[in-house]
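This report concerns only the one structure given below.
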């Protein structure tokens with residue numbers, strides 16, 4: 001449930017167990033001004049917002065009331081607790097979903113100490129960089145030999161490597177979970193809906 005900046009600012013101070021006078025001293029402003037911020041009488045500047053987030057150990061998004069996650073992407077691993085923002089597809093939700101898979105499926109333990117899930121995601125990001133560099137939307141020196149985009153065998157090889165990694169992922173604990181994490185439920189639902197829409201456009205609805 002979203003709450004206002006002033007409400008969260010006051011709540012975080014009280015949770016920290018410090019008085020308004022102590023908090024004002026730590027934040028480098030007068031108690032009267034902090035009181036105005038906490039009561040919503042005055043709006044703060046960006047410098048104060050950053051200082052308050054650092055002081056209370058939360059993200060700026062959490063302090064502003066736009067996220068219930070206090071510590072960012074990595075909060076609540078092994079992600080058994082859903083966050084309200086998991087109900088919509090977002091970069092944060094996709095990242096959390098990837099961590100659910102990484103935590104629940106295990107890693108390959110390869111020489112590079114990179115899990116299979118992380119390697120698969122890096123391959124997909126590499127494909128995006130490859131496309132955009134070849135199209136001139138990114139500097140070509142970001143992806144040397146980006147002309148490989150036009151080699152069907154190279155693109156097919158990338159897909160085969162991803163599939164091979166998926167097959168090699170060791171057994172983990174996800175199969176024992178009774179409830180699907182909300183971040184994954186949202187990712188699956190919205191991705192399937194998007195793919196369905198694209199298929200209908202390509203086939204004129206004749207699936």
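Does residue 6 meet the test of being touching a helix residue (DSSP H, G or I) at 6+ places or on another chain (Cβ under 7 Å) and farther than 30 Å from residue 82 by Cβ?
no
Against the definition (closer than 30 Å to residue 20 by Cβ, outside any helix (DSSP H, G or I), modelled with pLDDT of 85 or more and out of contact with any strand residue (DSSP E or B) (no Cβ under 9 Å at 6 or more places or on another chain)), how does residue 43 come out, yes or no?
Criteria met by residue 43.
In segment 8-22, what count of residues is obtained for those that are under 17 Å from residue 66 (Cβ atoms) and surrounded by 14 or more Cβ atoms within 10 Å (Cβ to Cβ)?
Matching residues across segment 8-22 total 3.
The values are calculated or read from the model by the stated rules, or taken from the named source; none is laboratory data. Note that the structure is predicted; figures quoted are calculated from it, not measured. Please note: Cβ atoms are built from the backbone with ideal geometry, for glycine as well, and neighbour counts cover all protein chains shown.
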